[in-house]
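A.B. asks: Before we start, here is the structure in question, set down as structure tokens.
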Amino acid sequence: MDNIVGSLTQEQKSIIIGSILGDGYLRIVPGRKNAFLEINHSISEKDYVDWKYQKLKNLIKSPLKIRKGRGRRIAYRFFTRQHSEITKLYHKFYQDKEKIIPKLKLNSLMVAVCFMDDGSKSYRTYYLNTQCFDYLSQKKLVQALKEQYEIGSSLNRDKKYYRIRIKQNSVEKFKELIRNHIIPSMEYKLG
């Protein structure tokens, strides 16, 4: 039987969507009808995982877990319960079990979580390391940033993949958009 809890708050939806745009994954276990969210980061990002855990706590049944990965990597992670609203997001953000970026209305928290998950600063700009998404999905995110926040960005080739590079003339606007949501342990990413 699937674990169902009440409706997601707007903050929880934003954190989940930002996580999907970053390192988070949605899954549906065969034989179950609802999806769940997996959050899995390096132990060095413990404070960040703890923050997500607290924000999503009513959706979580099990405790946080430390897991030794390949080599020296130690992961810190949790899973949400299966939930009908997470299932709706699964069907929106996955095609043939591959993550995509659909047309979506972004908010500052979504962008900030995406940045905390997969963003970086390099010289005078910021990157969203969106290499796990196909080219067209990334173009949708570039377009959404431009149309919704007037933030200019482009796709930057990173070896054989692309990632999103915030244009220098939009760096301050991007920083202002996300600054209030960046937790203290992740402020280093802002430079």
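The values are calculated or read from the model by the stated rules, or taken from the named source; none is laboratory data. Predicted model only: the values in this text are computed from it and were never measured. Here the Cβ is made from the backbone with ideal geometry for all residues, glycine too, and neighbour counts use every protein chain on show.
For every residue, the table says whether it meets (1) surrounded by fewer than 21 Cβ atoms within 10 Å (Cβ to Cβ); (2) in a helix (DSSP H, G or I); (3) without any contact (Cβ under 8 Å) to a residue 12 or more places away in the chain.
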position	(1), (2), (3)
Glu38	yes, no, no
Tyr53	yes, yes, no
Arg70	yes, no, yes
Lys105	yes, no, no
Asp117	no, yes, no
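A.B. asks: With respect to Lys173, determine if the residue is surrounded by fewer than 19 Cβ atoms within 10 Å (Cβ to Cβ), in contact with a Gly (Cβ under 9 Å, 6 or more places away or on another chain) and modelled with pLDDT under 95.
C.D. replies: Numbers: surrounded by fewer than 19 Cβ atoms within 10 Å (Cβ to Cβ): yes; in contact with a Gly (Cβ under 9 Å, 6 or more places away or on another chain): yes; modelled with pLDDT under 95: no.
No: the conditions fail for Lys173.
A.B. asks: Output the residue which, of all residues in the range 119-143 that are in a strand (DSSP E or B) and out of contact with any helix residue (DSSP H, G or I) (no Cβ under 8 Å at 6 or more places or on another chain), is nearest to Lys167 (Cα to Cα). I'd like the intermediate steps shown before the answer.
C.D. replies: Of the range 119-143, the ones in a strand (DSSP E or B) are 119-122, 125-128.
Pick out the ones that are also out of contact with any helix residue (DSSP H, G or I) (no Cβ under 8 Å at 6 or more places or on another chain) and you get 122, 127.
Values: Ser122: 12, Tyr127: 9 Å.
Out of the qualifying residues, it is Tyr127.
A.B. asks: So, Leu155, is that one assigned to a strand (DSSP E or B), farther than 19 Å from Tyr188 by Cβ and in contact with a strand residue (DSSP E or B) (Cβ under 7 Å, 6 or more places away or on another chain) or not? Give the steps one after another, and end with the answer.
C.D. replies: Numbers: assigned to a strand (DSSP E or B): yes; farther than 19 Å from Tyr188 by Cβ: yes; in contact with a strand residue (DSSP E or B) (Cβ under 7 Å, 6 or more places away or on another chain): yes.
The answer is yes for Leu155.
A.B. asks: List the pairs whose first member sits in the range 143-157 and is closer than 10 Å to Lys173 by Cβ and among the β-branched types (Val, Ile, Thr), whose second member is part of a strand (DSSP E or B) and at pLDDT 95 or above, and whose Cβ atoms are under 9 Å apart, counting only residues at least 6 apart or on separate chains?
C.D. replies: Once the first residue is closer than 10 Å to Lys173 by Cβ and among the β-branched types (Val, Ile, Thr) and sits in the range 143-157, its partners that are part of a strand (DSSP E or B) and at pLDDT 95 or above give Ile151/Ile166.
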